[in-house]
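First the structure, in the form of structure tokens, and then the observations on it.
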Amino acid sequence: KGNDDTGAGTKENPVASLATAVTAADDGATIYVMSDLTASSRALVSGKKITIEGNNHTVSRAEEFVRAQDQGRGGYHSAMIEVANQSELTLQNITLDDKFLREADEFTLAGPSTEDNTVKAHDGIISSYGDGHSTIILGEGATLKNFGGLSAVYITGEGGKGATLIMKSGSKICDDELGEREGGYAA
């Protein structure tokens, strides 16, 4: 097992979390997931190109997922991975499992920091915001499943400067079981 405090991000001395690995990775790096993980906070890909090679492992949302904080939204429930500022994220041979979990019951998007965004469910397993064009690539063997928030992938942007989602052959978005999904508030 890795250690976020003392890990060097190498095979011999790995870090423990995807969030730490993404933050520490250089532009153009490939992150290799060496075991199944439970993500307790968001991994923010900002201003760089990253590939995550999952080696057929699963990264699952923790039941006590840490709220994210930014100037625009204040405290809010985030996606497991957020892609921002002209970044490119490629996922290969990995499963991101939201486990049907959510931290709040209001199914509306987080608004400005003047709103109470802590009552709103997270927007996706992966999301991308902002004016800088970012790309999310679901490559061979990438699976997003069991979303508990608004969607599996949420992307936005204005004037053609938003994000692009590319699903390559062999990737999928699915649920382990069929269930009823309704908008608005959860019962």
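The values are calculated or read from the model by the stated rules, or taken from the named source; none is laboratory data. Here the structure is a predicted model, which is why all the values come from computation and not from measurement. Because the Cβ atoms are built from the backbone with ideal geometry, glycine has one as well, and the counts that use them run over all protein chains shown. These area figures cover heavy atoms from the full protein model, side chains too; ligands, DNA and RNA do not enter into them. Shrake-Rupley method; radii C 1.70, N 1.55, O 1.52, S 1.80 Å.
Given a 1.4 Å probe and the protein chains as shown, T156 ends up with an accessible area of around 50 Å². Cross-link partners of K11 among aspartates and glutamates, defined as those whose alpha carbon lies under 20 angstrom from its own and excluding same-chain residues fewer than eight positions apart: D26, D27, D36, E53. By a 1.4 Å probe calculation restricted to protein chains, R42 has an accessible surface near 60 Å², given to the nearest 10.
The mean accessible area for residues of the chain, using a 1.4 Å probe and ignoring ligands and nucleic acids, is 51 Å² per residue. Assuming a ≥ b ≥ c are the square roots of the Cα gyration tensor eigenvalues, decide whether the stretch 1-57 counts as rounded (a/c under 1.5), prolate (otherwise, with a/b larger than b/c) or oblate. Rounded shape, in that the Cα axes give a/c under 1.5. Here's the list of lysines a cross-link from K168 could span, going by alpha-carbon distance under 17 Å and ignoring same-chain residues fewer than 8 apart: K145. For the peptides 137-143, 23-29, residues were scored by their other Cβ atoms within 10 Å and the scores averaged per peptide; the highest-first order is 137-143, 23-29.
Annotation: F100 carries an accessible surface of approximately 80 Å², with a 1.4 Å probe and no ligand, DNA or RNA atoms counted. For V153, V33, the ranking by accessible surface with the largest value first comes to V153, V33, using a 1.4 Å probe.
Estimated from helices alone, the mean residue ellipticity of the chain at 222 nm is -1000 deg cm²/dmol (sum of -39500 (n - 2.57) over DSSP H runs with n ≥ 4, per residue).
Students sometimes get this wrong: rank E88, E12 by accessible area, probe 1.4 Å, all chains present, largest first.
E12, E88
Ranking K1, K11, K168 from most to least accessible surface, computed with a 1.4 Å probe over the protein chains only, gives K1, K11, K168.
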